[in-house]
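Below is one structure; the comments refer to it alone.
Laboratory data are not the source of any read-out in this text; all were calculated from the coordinates shown. Only a predicted model underlies this, so the values are computations on that prediction, with no experimental measurement involved. All Cβ positions, even for glycine, are placed from backbone atoms using ideal geometry, and neighbour counts span all protein chains on display.
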Amino acid sequence: MTAIRILRLASGGDGVGRLEDGRTVFVPRTAPGDLVEITQLRAHRRYARARSSRVLEPSADRVEPRCPHYVQNECGGCQLQHLDPTTQREARRGFVGDALRRIARLDVPDPEIVPAGEEFEYRTKITLAVGDGGRLIGLHPLDRPDRVFDLVRCHITTSELMSLWAEVRALRELLPPALRQIVLRLDRGGGLHLLLVTGGTARWDGAHALHRELTSRGTSATIWLQPEGGEAEAVAGATDPFPATVFEQVHPAVGDKVRAFALAALGEVRGRHVWDLYAGIGETTSALILAGASVESVESDPRAVAEAEARGPAAERHVGRVERMLGRLRRPGLVITNPPRTGMDERVAAELERIPPKRIVYISCDPATLARDLTRMPSFRLVTAVAFDLFPQTAHVETVAVLDRAS
């Protein structure tokens, strides 16, 4: 038997311990302070990975996971459900602080974190995989993207979506035969969406039959069909629905807090020219215009830009990849950027470094790519960073970093 003490959590949520030979070992589903028996040891030259076969001495930070799938199926959707909320938040603060110190080489403490109002039932979007010829529809077990377990209920997803899923699950014989993926979404207006991603070119004419069955059960949802690699099309339900494929925060209440903090961090914007990069459906752009700024926004998804046009005040909106659009924009005084998990393209960082604006407010969903991007903009200094608990029960964290041009 090999037993190790868990010392801390790594950025992906795995517990970190040390083997007798001094190598670091990463063990998922463990808590700082746990003494665990490990198995399935996979040794590498400088580190190792293992699984916990038994908790010999549990940490005081452990709790009983609420979701049965977390234990029974080792669901990979959550990484920290075995920890109490305070310990989770402290861990996420540490993930941000560690990335800023280790990657960006900044001498900074762990940032403060703004807690979520809800620890469960907050996600307004869930993507389900399909396996075993459609007989299994659900999520992947931890570290097993090749497998799918049949989902009954996801406890971090809203009750509205899980009620929709309960009905769809009971009607799975009506789903397309070439189904590859299902996306369930609740939009800001309360509308439910069922997006069916299919493989191949086989025609499916069952959307209206499925819609009728759902309606007869008291569930109203727009049904979308998307060939793998193609565009999604609303095929039953609302005639002019919110576009189900555009990006929107999956935890809207905390997402609003993030946006409000980021806008306030820009400072006075009246009369200033501002870039809103990776602008999504334009909520930030609209707020900036209402505050008196002139704004140029850039977003690669044309459906998101169309939604922004329909929703908000007129603005100079550019459709395309940010790194390809910057040369067309007027020089800004301020910039707000909200890139995907991969961070900003290095050409974007280079352009911001070349200009440079007086202040950049960077909204990040990955501490490592945030820290990397900071190293690409040495003309800016980090004024402050604040973390937001956007994804409780998971190892993900949202961060707002405020960067000022060095004098």
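Some values worked out for this structure:
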{"read-out": "Chain lengthening between His44 and Arg212 when straightened (0.36 nm per residue, less Cα-Cα)", "value": "55.0 nm"}
{"read-out": "Kyte-Doolittle at least 0.0, axis length at least 15 Å by Cα - qualifying DSSP helices, the chain", "value": "159-170, 252-266"}
{"read-out": "In region 202-251, GluC sites (Glu not before Pro) in a DSSP loop with at most 13 other beta-carbon atoms within 10 Å", "value": "Glu228, Glu231"}
{"read-out": "Taking all pairs of distinct alpha-carbon atoms in region 16-60, Kirkwood radius in angstrom", "value": "10.6"}
{"read-out": "Cα gyration tensor, the chain - rounded (a/c under 1.5), prolate or oblate", "value": "oblate"}
{"read-out": "Stretchable slack from Ser220 to Arg180, in nm (0.36 nm times residue separation minus alpha-carbon distance)", "value": "12.1 nm"}
{"read-out": "Gyration tensor verdict on region 253-407 (Cα atoms; rounded if a/c is under 1.5, prolate if a/b is larger than b/c, oblate otherwise)", "value": "rounded"}
{"read-out": "For His208, His44, His318, His69, order by how many other beta-carbon atoms lie within 10 Å, fewest first", "value": "His44, His208, His318, His69"}
{"read-out": "Sequence ranges 347-359, 165-177, 45-57, ranked by mean other-Cβ count within 10 angstrom, highest first", "value": "347-359, 165-177, 45-57"}
{"read-out": "For the chain, share of DSSP beta bridges that run antiparallel, in % to the nearest 5", "value": "65"}
{"read-out": "Label-point separation, Ala291 to Ala170 (7 Å along Cα→Cβ), nm", "value": "4.8"}
{"read-out": "Relative packing of peptides 284-291, 20-27 - highest average C-beta neighbours within 10 Å first", "value": "284-291, 20-27"}
{"read-out": "Ranked list, fewest to most other Cβ atoms within 10 Å of each Cβ, for Met344, Met1", "value": "Met1, Met344"}
{"read-out": "Helix-derived mean residue ellipticity, 222 nm - over the chain, DSSP H n ≥ 4, -39500 (n - 2.57), to 500", "value": "-7000 deg cm²/dmol"}
{"read-out": "Ranked Glu299, Glu316, criterion: other C-beta atoms within 10 Å, fewest first", "value": "Glu316, Glu299"}
